[in-house]
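Okay, so here's the structure we're looking at.
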Amino acid sequence: MLDPKVLMTIKDLPLLAKTVIDGFMNGFNKSKVKGPGLEFSQYRSYQPGDDLRWLDWHMFARSDRYYIRESEVETSISVKFLVDASASMDHDDNGIKKIDYARFLVASLAWLSNLQGDSVGLYVFQDGGLFSLASKPDPQHLQRLFYHLQQVKPNGRFTQPVHYRELFAGDGRKELLVFVTDMYQADGEINKLLDSLTALKHEVVVFHLMGKNELDFDFGGYASLEDLETGETIEINTQQAVEYQQKLKSHLEAIRMQLLGKHIYYRMLSTAQPLDEALRDFLTQRNKSKF
């Protein structure tokens with residue numbers, strides 16, 4: 001059920017997200033941390049400064065020693081999903097557009113985040129503008145996120161730099177920012193966004209979407225390609241394939257190293273690729289953001 005071709009048959013976005021996460025979490029043990037909570041996990045010796053509410057007086061009566069009850073509890077964070085909805089995200093590969101894959105991925109991650117008590121928000125970069133839905137933890141807010149995510153239609157160029165620092169500063173706590181994009185930029189506008197985000201000391205994850213036909217230089221016999229954002233066209237032939245793939249490999253490696261230098265987690269995903277790898281990456285980075 002994590003295959004994007006299968007997901008294309010599910011038209012209801014909340015159902016799609018639930019189906020993906022139910023399948024992914026089947027047999028998956030959620031990471032938990034120790035702390036005061038409702039479900040008992042274990043005892044430990046009292047240390048000065050511990051909250052006295054969690055002293056177990058029954059253990060004291062039996063042993064004449066102070067013990068603190070620890071429980072397994074989830075820690076919640078704020079997760080903000082940033083979606084590139086510029087025209088290049090309308091790129092189609094075998095019936096799956098980049099924006100479709102982005103929608104499936106963000107919906108699934110938002111559902112997973114909500115299950116863990118996280119606040120979720122949505123930010124859409126499109127046609128020079130920016131739609132924002134601030135992060136909240138309640139289920140009704142999640143439904144609003146699904147609604148707006150469903151309405152996204154790629155158009156225009158990526159948003160020119162705005163007051164990102166004020167928009168994503170939050171309440172001063174560390175947040176997890178998940179950016180889904182094809183990294184297509186005319187004048188470094190995506191780099192400027194990422195520079196602003198990393199300056200805020202948040203954990204940033206970039207999922208870089210590529211069509212399999214882009215990776216393989218397989219465009220089904222077409223003799224020319226059109227840039228979805230500028231309208232420019234170029235002639236192509238099969239003899240260009242080797243040179244193209246060499247340049248593409250260098251380009252992708254340059255992006256990876258650039259983001260690594262900014263301490264940004266980077267993952268390139270083909271739109272033909274199942275979602276499980278991206279979901280695992282997300283959980284890993286989410287756990288880092290809790291501390």
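Things worth noting here:
- Given (1) within 23 Å of residue 285 (Cα to Cα); (2) at pLDDT 90 or above; (3) crowded, with 16+ Cβ neighbours inside 10 Å, number of the condition residue 175 does not satisfy: (2)
- Residue among 119, 41 that alone is at pLDDT 90 or above, in contact with a Ser or Thr (Cβ under 7 Å, 6 or more places away or on another chain) and open to solvent by 10 Å² or more (accessible area, probe 1.4 Å): 119
- The helices (runs of 4 or more DSSP H) found wholly in the range 100-201 and carrying at least 2 residues that are free of Cβ contacts under 8 Å to residues at least 12 places away in the same chain and not hydrophobic (A, V, I, L, M, F, W, C) occupy 139-151.
- Of all the residues in the range 273-289, those that are in contact with an Asp or Glu (Cβ under 7 Å, 6 or more places away or on another chain) and modelled with pLDDT of 90 or more number 1.
- Verdict on residue 146 being buried (at least 17 other Cβ atoms within 10 Å of the Cβ) and either aromatic (Phe, Trp, Tyr) or in contact with a Pro (Cβ under 9 Å, 6 or more places away or on another chain) (or both): yes
- Enumeration of residues in the range 100-110 that are closer than 16 Å to residue 147 by Cβ and surrounded by fewer than 24 Cβ atoms within 10 Å (Cβ to Cβ): 103
- Count - residues of the range 80-99 that are open to solvent by 10 Å² or more (accessible area, probe 1.4 Å), outside any helix (DSSP H, G or I) and hydrophobic (A, V, I, L, M, F, W, C): 0
- Residue satisfying condition, being under 25 Å from residue 208 (Cα atoms) and at pLDDT 65 or above, within set 21, 68: 21
- Filtered by the rule that a residue be closer than 19 Å to residue 98 by Cα and among the small types (Gly, Ala, Ser), the range 189-213 gives a lone residue, 211.
- Number of the exception - residue 52 against (1) at pLDDT 65 or above; (2) open to solvent by 30 Å² or more (accessible area, probe 1.4 Å); (3) more than 27 Å from residue 270 (Cβ to Cβ): (1)
- Answer residue from the range 224-272, given it is assigned to a strand (DSSP E or B) and at pLDDT 90 or above and is farthest from residue 208 (Cα to Cα) among those: 265
- Residue within the range 150-160 that is surrounded by 14 or more Cβ atoms within 10 Å (Cβ to Cβ) and among the hydroxyl-bearing types (Ser, Thr, Tyr) present: yes
The values are calculated or read from the model by the stated rules, or taken from the named source; none is laboratory data. Just so you know, these numbers come straight off a predicted model, no measurement behind them. A quick note on method: Cβ atoms are made from the backbone with ideal geometry, for glycine too, and the neighbour counts reach across all protein chains shown. The protein model used for the area step is the full one, side chains on, heavy atoms only, and it has no ligands, DNA or RNA in it. Shrake-Rupley method; radii C 1.70, N 1.55, O 1.52, S 1.80 Å.
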